[in-house]
Amino acid sequence: MAVERATKRRRLSPAGENGATVPGFAKWNLEQDYEQRARKNKKKEKDRLPVRKEAGWVEQQADGREEAEVSEDDYEEDEKADSGIADIASKPAPKKPKLPRKEEIRQAKEELARIAGLISEDPEEHSGSLGSLAQFADSENATVKKLALGTQLAVYKDIIPGYRIRPLAKADVEAKLSKDVRKLRDFEQSLLGGYKDYVQSLDRLSKKSSSDASVVSVAIACACNLLTSVPHFNCRNELIALLVRKLSTPSIDADHMKCRSALEQLFQDDEEGHASLEVVKQLTTMMKTKTYHVDETVLNTFLHLRLLSEFAHKASADRISKSEDPNDVKKAKQKKEFRTKRERKVMKERREVAKEMKEADAAVSYEERDRNQAETLKLVFIAYFRILKARTEHLMGAVLEGLAKYAHLINQDFFGDVLEALKDLINDATREDDDEEGELEEEEGEVSAKDKRNATRESLLSTITAFALLQGQQDVAKSANTLHLDLNFFITHLYRTLLPLSMDADIELSAKKITHLADPNGLAVPSTATSTKDTKVNISTTTVLLLRALSSVLLPPNTPATRIPPSRIAALTKQLLTLSLHLPPKSAQAVMGLLQQVAKVHGGRIAGLWNTEERRGDGVFDPLCGEIGGSNVFAGTVWEGEVLRLHFSPHVRDGVKGLEGVVWEKR
């Protein structure tokens, strides 16, 4: 049998000599202490049972002494508990050990990937995890911050729906909804709140100093990606404002080019025109605020608008005039068909359903698109004409080429004002050019090549724009007669410019003082000069501009050859041959090619310059006369051809022979 365990006996302390020493607990009244102790988590009854007396049942009153004792006990216990909590709160919280930089980045990558996977797998269930991603963006580690921004970008692009989310009104919050609808609405509101916070963080980070340059670049890149990927979603204006603020800075860097490329892509992909209208509004407002001290590439973004090829009406700075098609005949008013009240109600319901289906399918309304494009076009013209009026030198080339592009969309009634502005521009440029020639070389050296006004380029661009306005109309001859347009001012100025151009050493350079020839040392042109998509705006060489202007005067499209006076063609041909004697070989070759085209069209009218026996006239030829009619060109001969036959460039020699061959064929 097992041995039983002996009971443990409590050992008592021995008594003193006189027996005064006793255990301490023997002095306590345990029952009384337990009775007076406060009861916790139990409802205390303050009222006692009624007692029957002579007068009847009487309610007993609570003992105030006990209540006071209990309240004091409670107060003492609460005080002790509060003091304990205060002691705990006063102790400093243990600091989290700081991880090494590589370990912190590795853990952040794993956590970001885990959270992003959960959200992409079931967005409605894990929409609350969007806040966890945002917390990583507040990290002091720049690498973790950039990883968080990129992860948020990928997640939002994945879960953003194809429609805008409307903020909830008070009535929507109080409305009764089914479980599924409420779940979807909660997800949409959670997504919208997180997306707004993300856009605000991008805006805040893009404003930081150059010490966080890498974070700023990532924030701007994320904003550009969001704007081009989900332009239909909420917070579009905030993203556009972020990009426009960057474009307003004078420095042209990689971030500036990203913003410009994003806006150009948005212009090309925008079918409805809402986003384009918002961008143009903010751009024009920013330019006006900056008094048009912006880079010309910002202004050239207007050339990527879809309305250049889609808009079918005419516009000016203040109104839109719709073209009237004679083939469009108004339909005769049909007889009103009688319908009962029930039939009218059914038709109204069907129209409402069709309207909702159209909105659900996101069908593009052509009327709405035309309205948006019309407002956009007016804003563009307002910006162009304000710059013309302000005479902003570094933007004149971009404005003139932009007006030439938009010439077919300018209202005919507005032609007179535009031509007057172009004439004033030529006069001012010529006057300032004459004043600069009289200044000393020391004063000229203080003006940088970038800020110096190029009067020749502005004059040529003004001439090209003036002819483009007329050629952009459907019926050029009818438009010129109806509007009484006189372009002789531009032709005369072009004629006077030819001889001075022969002495221009920079005739084969663009406005940026760069050439189109390949660099033999393999050095590329700086990327900040122009955009890759914008290489044809205001970087044409002076020779190219001259040939474009001469083609508009000598070979205008949609214009009969008989409408051009022979004296004008002969005078310009004679001056161009004289100009070729002094031009570089490539420019001289290009001029020979233009003269061959002129000879094919007007060969019989200028053949007298090569054969004096086939013309009538007397007097002396005056090559320095400022007027075409006063030069008496048919009194001279084309002696320059004999000199050009001995040109050192074989291409120029071949060009002269080809020109003379075409002339003799057209005799």
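Listed values, structure above:
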{"item": "Stretch gain in nm, segment residue 281-residue 612, where the contour uses 0.36 nm per residue and the Cα spacing is subtracted", "result": "113.0 nm"}
{"item": "Relative contact order [Cα under 8 Å, 6+ residues apart], the range 561-667, whole percent", "result": "36"}
{"item": "Order of 403, 461 - criterion: other Cβ atoms within 10 Å of each residue's Cβ, fewest first", "result": "403, 461"}
{"item": "Label-point separation in nm, residue 492 to residue 180, each point 7 Å along Cα→Cβ", "result": "8.0"}
{"item": "Simple label model, 7 Å out from Cα along Cβ direction - residue 408 to residue 107, nm", "result": "6.4"}
{"item": "Of 571, 587, 648, farthest towards positive along the dipole that unit charges on Lys, Arg, Asp, Glu beta carbons give the range 561-667", "result": "587"}
{"item": "Percent breakdown of C-alpha pair distances by 5 Å bin, ordered from the shortest bin, for the range 561-667", "result": "2, 13, 24, 25, 20, 12, 4, 0"}
{"item": "Karplus-derived 3J(HN,Hα), 6.51/-1.76/1.60, for each residue of the range 627-637, Hz, glycine and proline x", "result": "9, 5, x, x, 7, 6, 5, 6, 8, x, 10"}
{"item": "HN-Hα J in Hz across the range 382-387 - Karplus 6.51, -1.76, 1.60, θ = phi - 60°, x for Gly and Pro", "result": "4, 5, 4, 6, 5, 5"}
{"item": "Ranked 144, 215, 181, criterion: other C-beta atoms within 10 Å, fewest first", "result": "181, 215, 144"}
{"item": "In the range 609-661, GluC sites (Glu not before Pro) in a DSSP loop with at most 10 other beta-carbon atoms within 10 Å", "result": "none"}
{"item": "Solution diffusion estimate, µm²/s, Stokes-Einstein, the range 101-234, Kirkwood Rh from C-alpha pairs, 4 °C, viscosity 1.567 mPa s", "result": "82"}
{"item": "Potential lengthening between residue 649 and residue 504 on full extension [0.36 nm per residue; Cα-Cα distance subtracted]", "result": "50.2 nm"}
{"item": "For residue 410, distant residues with modelled amide H under 5 Å away", "result": "315"}
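Where a number appears in this text, it was derived from the coordinates with a stated rule and is not lab data. Worth saying up front: this structure is predicted, and the values here are computed from it rather than measured. Cβ coordinates were reconstructed from backbone atoms using ideal geometry, including for glycine residues, and neighbour counts include every protein chain displayed.
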